[in-house]
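Comments concern the structure below.
The values are calculated or read from the model by the stated rules, or taken from the named source; none is laboratory data. It should be emphasised that the depicted structure is a prediction, and the values quoted were computed from it without experimental measurement. Neighbour counts run over all protein chains shown; Cβ positions are idealised from the backbone, glycine included.
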Amino acid sequence: MGIFGGVKKNSELEHLIERMENNMANNYKDAAQEYLTEFEAKLKELSTSGRLNDKQKTHYESLLDSYKIKMKGFTHKDQKPYWT
């Protein structure tokens, strides 16, 4: 695990973030939303089991909040056709 900005990274959460960002970049909206849900569940699991320290919790909760805002409306059903 590396250090980034003084926060020791969690490999499980970093893997989910990487997958979510890759899907977002490729416009795989449903898959990206699934990884966001998985990320939130894993964050909660790791937090409640005591496997994250306070800095990690704060860091990843902040990331979760920003991804939720970024991905609001990021679904295929809300996509407007370009021809309308």
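Quick look at the values:
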item	result
Residue tally, condition at pLDDT 95 or above, surrounded by 17 or more Cβ atoms within 10 Å (Cβ to Cβ) and in contact with a Ser or Thr (Cβ under 9 Å, 6 or more places away or on another chain), over the range 14-59	1
Residues located in the range 10-37, provided they are in contact (Cβ under 8 Å) with a residue 24 or more places away in the chain, under 24 Å from ASP54 (Cα atoms) and part of a helix (DSSP H, G or I)	GLU12, LEU13, LEU16, ILE17, MET20, LEU36
Flag if LYS68 is under 12 Å from the mean Cα position of the chain (by Cα), over 18 Å from LYS9 (Cβ atoms), exposed (fewer than 15 other Cβ atoms within 10 Å of the Cβ) and among the charged types (D, E, K, R)	yes
Residue satisfying all of: in the range 42-73; in contact with a Leu (Cβ under 9 Å, 6 or more places away or on another chain) and of a type in the set (A, V, I, L, M); nearest to ASN27 (Cα to Cα) among these	MET71
